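The values are calculated or read from the model by the stated rules, or taken from the named source; none is laboratory data. Please read these numbers as outputs of a predicted model, since none were measured by experiment. In this analysis, Cβ positions are derived from the backbone assuming ideal geometry, glycine residues included, and neighbour counts consider all displayed protein chains.
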Amino acid sequence: MAEIRLERVRKTFGRVVAVKDVDLTIADGEFLVLLGPSGCGKTTTLRCIAGLERVDTGRIFIGGRDVTELPPARRGIAMVFQSYAVFPHMTVAQNIGFGLRMRRIAKREIRAAVQEVAELLQIDELLDRYPAQLSGGQRQRVAVARAIVMKPEVLLMDEPLSNLDALLRLQMRAELKRLHRQIGTTTVYVTHDQVEALSLGDRIAVMREGEIVQLDHPNSVYDQPATTFVAGFIGTPPMNLLRATVTTSGDDLALAVGDFTLLLPPAWKPSLRAMVGKPVIVGIRAENIAVHADTTPGSLPATVLVSEPLGAQQLLTVQVGKDVLKVVTAPEPLLQAGQTVGLTLNKEKLRLFDAESGRALPIGAGLPTQGGYR
Amino acid sequence: MNRTQVTRWLVSEKALPYWLIFPTLAYVAAFFLVPLARTLLLAFRTDDGQWTMRFFVRMVEDVRFFDAFKFTLILVAIVVPLQLVTALSIALLVNTRFRGSRSFLYICAIPLGISDLAAGLIWFSLFTEHGYINSFLYTLGLIDKPIYFLSMQNLGWVVGSIVLAEHWRATAIVLVILVAGLQMISRDYLEAAEVFGARPWQKLWHVTLPLLKPSLQSALIIRTILALQTFAVAVALGGRLVPVLAGEAYYWYYLYRNANVASAYALLLMVISLLLAWGYLRFLRPREVRS
Amino acid sequence: MTFPRLQRRILLYMAVVAIVLWVLVPLVLIALAAFTPRSELYRWPKRIIPSTFSSATMSFFLHSYGVVSSLCNSVVVALLTLGMTLVVGAPAGYAVARYVFRGREAFRLGILMTRMFPTSLLAIPLIVTFIRWGLYDTLIGVAFVHTAMALPFAVLITSGIFSGVPKELEEAAMTLGCSRLGAFVRVALPLALPGLAAAAMFTFVISWNEVFAASILTVRNRTLPAQVLASLEAAPLDFRFAGAFFMIIPALIFMALARRYLFQMWGGAIAER
């Protein structure tokens, strides 16, 4: 178990900068998720930590040791690959015990360790089988077992669940979380699935184009996205983002959104006063918009375009003036396309972003510093 | 880069692939480029260092030259298209994946491992006057006396037997390439064509063949180049009755000990090979990139 | 594809049978010829299946001048070729399969282009070189030339084989404590072994069958094809038939053994350009 530290790590492939001077510190025992769309550099960063890619500049420390020049075998890491990479020419037991054999540990001890880990992952019945005889989910467990039997300082996982079907993915997610609680190894986990990230991570590092855009606890990433990119990437459905202008309405600050004006909480006045007249992007999540009958006073009139009944919820696509929003509401009453409704927004959950840079605007007291990394 | 930088690069991971290909490169340089250069020297230069066209002139003036040239080209012109059609037919047949098609393919590929000399001798055993074709014709009651297929008077038959032997021996080379190429064509394309109403011949012409172009090109180039080098088959069946360019190269050294004229023949073969390969690449260029 | 009509199916199988016969009958006939006693070989009319089988023909061939030694020579040359080709070519195949490096495509193209060299172009100039270096009329000399001829195939085939072993397997081994070489030896090599064995057999056969260079570069230490070719003009029928049969034996064995890997190897490696 160890702390991981990346200092100004940079990796280029030809002309493409995959990892742009990334600084990152991962605490001992933490489960950190690297999240982002394809090509954002998350896998490359993981492979740099593993030693499978040599960094161009920067240093990597594991447990206080500078491992930048060390090959993967000497870094104290273990890795679970996206394709599992389970050796086809060895049995499950031989696969799991491979790393221990490399360390020349006594056969008796290897057998005991393999048995223990296999039981932990519920594959002890399969020890004598060959990977070709296993299902995808079983092979994945073998890959995880093979990694954790090494008792590594750091456990690295590259999208280990992406090749599983939806149901299995759900199960394995819970299992991985349970495992982490039990074993407590520092883990770096790469995924493009934001639901996985929110569910598993102690902290999430959202990456885009080689840089970490936000590094925060899942709730913060969800509730206070640092940029419009994060807001649009996290959450199902993603945060609604609209163009607006900061104006005044009498003594209070307000937002002019399309044809409508939204009063802002008075607590926000000090931070936003300088923004009056400037364009901003306002974000609000689908579940923070309430749906009423269109006659409710103070509500925004909207027309339902599409209604998707999702069992536990109803996902509406509504038109408000010139903007289109996604709204999540109770499954009943079932609304129809064409119906007019009234919407009220939970003002406390509004998030404002700079219209040009997309960065979140720090607003009001009581809201912690947004974005950035520690 | 200074010396330490060079040394560090040399032992780095980046240099590894170059170290791995180095032996092959060195070997190819030693055994292809150097001989090529020497062949040029042998063909164009006398022993005392004078540049001359004498050897080429001798080659062309030789009584057998014209025949060798003619027969080589005739063989290639007949054998290659014949093999292409046969191999394509067999490949399409195999692609229908009928029961036992794998074993069938395996049998068809057996000639791959048979040397041209052995193949020539095998077909010699058929065509010679004491051979099996004569026996067979006799058993059918068609002849009384053996036919002398492989004689001076029946040059046509000699050439024909060479064609048959080469066809028998080397179709497998083309076949294997085409089968692999066909397997790479996704069934989706053909199914889509079917949905849009294409009939078998149309599917073949509009979908399969165009997608097979790269394989066809590869197969044609390889087979043509190899066909130009036909030698042992011709010798086994006809001795020097049917001279071929590669054979003349052999005899000029083996019998007359004249490496210079032999080199001239070798160069001629090379030039013809390059011309034909270039021709294939130009005129059979596949229009789109294959997925 | 479905065969809705019975006639089509019958036609198909007729074609299949015809082609199979076309391929196999000459082989059967030469086998018969090799075991037909000489008297029957020269008889007219000749029976297709001899009245008695005799090993005299084969034995005549084997006892002919230089045949047994040329047989041994062929084996030696083929084994030498096999060894050298794999040692030189397999690393290159691995490099092409695993690494993306500058000049990779040029290298592959260059290797492919060496196939355009007629054998005569390789062998004839080497006569002088070999004489000078004392390699003329030696087995190792012939092996050198055979290796040159087999190298392009070996590189292409091994690169195909190693491409089939996922890179992640070696990476996983490295994260579990193997060095780069260790990962190759423990993971890539075992998985590539069957394919490499097939490539080895293929190289063996190429060397075994090669006629031109072996004939040009040897006088006394001939390989089997060179010996047969040299003796051909004066040789009686039984010599020729037995010789042919003998030459095809390794090929037949090879085909039986390498059956599975043949298409993976040959077709895939060459069709992909």
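Listed values, structure above:
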quantity: Qualifying residue in region A:240-255 (condition: under 18 Å from residue A:45 (Cβ atoms) and basic (Lys, Arg)); calculated: no
quantity: Candidates B:175, B:209, B:155 - the one that is out of contact with any helix residue (DSSP H, G or I) (no Cβ under 6 Å at 6 or more places or on another chain), hydrophobic (A, V, I, L, M, F, W, C) and touching a residue at least 40 places away in the same chain (Cβ under 8 Å); calculated: B:155
quantity: Test result for residue C:207, in a helix (DSSP H, G or I), buried (at least 21 other Cβ atoms within 10 Å of the Cβ) and modelled with pLDDT under 90; calculated: no
quantity: Top-ranked residue in region B:107-130 [being more than 7 Å from every other protein chain (Cβ to nearest Cβ) and either farther than 12 Å from residue B:236 by Cβ or basic (Lys, Arg) (or both); ranked as surrounded by the most Cβ atoms within 10 Å (Cβ to Cβ)]; calculated: B:112
quantity: Flag for residue A:117 being buried (at least 17 other Cβ atoms within 10 Å of the Cβ) and more than 9 Å from every other protein chain (Cβ to nearest Cβ); calculated: yes
quantity: Residue match in region A:276-295 (condition: more than 30 Å from residue A:25 (Cβ to Cβ) and hydroxyl-bearing (Ser, Thr, Tyr)); calculated: yes
quantity: Hits in region C:150-169 - residues which are at pLDDT 90 or above, part of a helix (DSSP H, G or I) and either out of contact with any helix residue (DSSP H, G or I) (no Cβ under 6 Å at 6 or more places or on another chain) or surrounded by fewer than 23 Cβ atoms within 10 Å (Cβ to Cβ) (or both); calculated: C:167, C:168, C:169
quantity: Lone unmet requirement of (1) within 13 Å of chain C (Cβ to nearest Cβ); (2) touching an Asp or Glu at 6+ places or on another chain (Cβ under 6 Å); (3) charged (D, E, K, R) for residue A:54; calculated: (2)
quantity: Of the criteria (1) modelled with pLDDT of 90 or more; (2) within 21 Å of residue B:256 (Cα to Cα); (3) buried (at least 18 other Cβ atoms within 10 Å of the Cβ), which one residue B:42 fails; calculated: (1)
quantity: Residue within region B:251-261 that is crowded, with 24+ Cβ neighbours inside 10 Å, at the interface with chain C (Cβ under 7 Å from one of its Cβ atoms) and among the aromatic types (Phe, Trp, Tyr) present; calculated: no
quantity: Which listed residue, of B:133, B:143, is of a type in the set (Val, Ile, Thr), assigned to a helix (DSSP H, G or I) and within 12 Å of chain C (Cβ to nearest Cβ); calculated: B:133
quantity: Residue within region C:178-193 that is aliphatic (A, V, I, L, M), in contact with a Lys or Arg (Cβ under 8 Å, 6 or more places away or on another chain), surrounded by 23 or more Cβ atoms within 10 Å (Cβ to Cβ) and at pLDDT 85 or above present; calculated: no
quantity: Members of region A:39-67 that are under 13 Å from residue A:3 (Cβ atoms), without any contact (Cβ under 8 Å) to a residue 40 or more places away in the chain and part of a loop (DSSP other than H, G, I, E, B); calculated: A:67
quantity: Any chance residue C:49 is in contact with a helix residue (DSSP H, G or I) (Cβ under 7 Å, 6 or more places away or on another chain) and more than 7 Å from chain B (Cβ to nearest Cβ); calculated: yes
quantity: Subset of region B:131-157 that is in contact with a Leu (Cβ under 7 Å, 6 or more places away or on another chain) and β-branched (Val, Ile, Thr) - its residue that is surrounded by the fewest Cβ atoms within 10 Å (Cβ to Cβ); calculated: B:143
quantity: Given (1) crowded, with 20+ Cβ neighbours inside 10 Å; (2) of a type outside the set (A, V, I, L, M, F, W, C); (3) within 11 Å of chain B (Cβ to nearest Cβ); (4) in contact (Cβ under 8 Å) with a residue 60 or more places away in the chain, number of the condition residue C:42 does not satisfy; calculated: (1)
quantity: Residue check for residue A:181: in a strand (DSSP E or B) and modelled with pLDDT under 95; calculated: no
quantity: Sole exception among (1) in contact (Cβ under 8 Å) with a residue 60 or more places away in the chain; (2) over 17 Å from the mean Cα position of the chain (by Cα); (3) closer than 30 Å to residue B:258 by Cα; (4) more than 8 Å from chain B (Cβ to nearest Cβ) for residue C:113, by number; calculated: (1)
quantity: Per-region count, region C:10-36, residues under 32 Å from the mean Cα position of the chain (by Cα), more than 19 Å from residue B:124 (Cβ to Cβ) and more than 7 Å from chain B (Cβ to nearest Cβ); calculated: 5
quantity: Residue check for residue A:272: crowded, with 19+ Cβ neighbours inside 10 Å and not in a strand (DSSP E or B); calculated: yes
quantity: Matching residues, region B:70-98, being assigned to a helix (DSSP H, G or I), among the β-branched types (Val, Ile, Thr) and over 17 Å from the mean Cα position of the chain (by Cα); calculated: B:90, B:94
quantity: Search result, residues across region B:158-181 that are of a type in the set (A, V, I, L, M), surrounded by fewer than 23 Cβ atoms within 10 Å (Cβ to Cβ) and either more than 9 Å from every other protein chain (Cβ to nearest Cβ) or more than 30 Å from residue B:211 (Cβ to Cβ) (or both); calculated: B:158, B:159, B:163, B:164
quantity: All positions within region C:116-139 that are at the interface with chain B (Cβ under 9 Å from one of its Cβ atoms), touching a Phe, Trp or Tyr at 6+ places or on another chain (Cβ under 8 Å) and either of a type in the set (Asp, Glu) or over 18 Å from residue B:26 (Cα atoms) (or both); calculated: C:119, C:120, C:124, C:127
quantity: Selection within region B:255-283 - closer than 17 Å to residue B:225 by Cα and either not aliphatic (A, V, I, L, M) or not assigned by TED's automatic domain parsing to the domain that holds residue B:228 (or both); calculated: B:265, B:273, B:278, B:279, B:280, B:282, B:283
quantity: Residue C:264 vs. criteria at pLDDT below 85 and either more than 8 Å from chain B (Cβ to nearest Cβ) or within 26 Å of residue C:26 (Cβ to Cβ) (or both); calculated: yes
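Matching residues to (1) assigned to a helix (DSSP H, G or I); (2) at the interface with another protein chain (Cβ under 8 Å from one of its Cβ atoms); (3) of a type in the set (Phe, Trp, Tyr):
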site	(1), (2), (3)
A:37	no, no, no
A:70	no, no, no
A:73	yes, yes, no
A:78	no, yes, no
A:104	no, no, no
